[in-house]
Each structure stands twice: as structure tokens, then as C-alpha cells.
Amino acid sequence: MDSLAIFLRQVRSRSEEHQRAMHVLARERLAGQMVAVLRQELDSMVRVIYLLTQNIERRNALIEASVRGEKWTQPNSRASVTDKEMVNLAQDLQGWTRSVYKFGCAFIHLSGLHDYNDRDPLEQLSSQEREYILDHCRSYHGGPQGDDAKFTELVPYLPRVLEKIARNLECYLEKLEQGHLQNAAEV
């Protein structure tokens, strides 16, 4: 099996596991873990978007590195490709990626947001980030309504957010599978 097939399989497997996990986490109302799963799915998506913008030779090298469990490095350098670099590229294309990614990171790394049972994580964000997350959730997932929405009101929409990210991810994987080369504006 070639590296692309292995890479596609591992990304799809990860995504399927995220979707199964989200159902369990939603049923158990484990909100912090739900956000962490969203962040992991978004990580897959930004990586695939990044691959789509690379020339075939570089793309293949990055896929090989991923399959071997190696870090992605910059061309002709030992410097790593950073999450920030990939998120910024996806942000330019999606418009919402950075806010969700940053919010999700706070649930992956120990932070004040883990105190969500006693302090609302949305209130710990800048007003711009909070507004952006809520506006996006209202526009694409139906809610929650009101500019003063609380984290507990956002949580029921997280499975829908994951479904949307997973669908977008699958579209990008299909493009990758078909060998599409795209500049950042086309992804």
C-alpha cells in the first residue's frame, strides 16, 4: 500500500473515531472533551488543507513523513511546519478556523477553560473571539441565540460542528486522493 493510501486511511479512521466519541461524550455531557475532539478533527483538516496547497513533490514528502510518524519540516530546513502556519492558511480559506482551533487548544492543554462547571469559558475569551464563535455557530448550525449565550448553550451544537468539519475534511481528502493541486485561494 502506498503512503497516500495509508495517510488517507489513518485520517479517515481518526475522523470516524472522533464522530463515535462525540456521540458518547454528548450523551455523557463531557463538554471539555467534546471541544477537544473538535480541535483534533480541525487539526486533521488544517493538515489536509496545507497538503493541498503544496506541490506534488513536497506533498508526497510530507505524507511520507506523516506515515513514518515524523514531524513535518520546512523545505530545505530542519525547522518544523508549525500549527500556527497551517491554521493561518486554513483561516484565510475558512474564516473561522483560528477561533475554533484556539478555543479547542485551551481544552487540550490545561487551562482556565477547564473550570467550565464554575466559570463560563466564553466569558474568558476576548469579546471578538466570543462573538465570532457564537456568530459562526448561529449562521451554520442554528444557534445558540443571543449575544450573551453561555457555554452550556453552545455545547449541544458541538456535534453538529464536528459533523460539518468532518464533511469538509472528507471533501478535502477526496481532492487529495484525486491529486488536485490548488493554490490557497482555491482550496
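The number of Lys pairs in the chain with C-alpha atoms less than 27 Å apart, excluding pairs fewer than 8 positions apart on the same chain, is 11. Using θ = phi - 60° and the Karplus curve 6.51 cos²θ - 1.76 cosθ + 1.60, what whole-Hz ³J(HN,Hα) does each residue of the range 127-140 get, with Gly and Pro shown as x? Couplings: 4, 5, 5, 4, 4, 5, 4, 5, 4, 5, 5, 5, 5, 10 Hz.
Projection of the Cα convex hull of the range 71-115, averaged over all directions and equal to a quarter of that hull's surface, yields 4.0 nm².
Less than 5 angstrom separates the built amide H of residue 73 from those of 81, all sequence-distant by 5 or more or on a different chain. Computed from Cα positions, the angle between helix 31-52 and the longest principal axis of the chain comes to roughly 30 degrees. For residue 143, nonlocal amide neighbours, meaning residues 5 or more places apart or on other chains whose placed amide H falls under 5 Å from its own, are 138. Relative to the dominant Cα principal axis of the chain, helix 158-177 is inclined by about 10°.
Read the figures in this text as sums done on the coordinates, not as results from a lab. Values in this document were obtained by computation on a predicted structure and should not be read as measured data.
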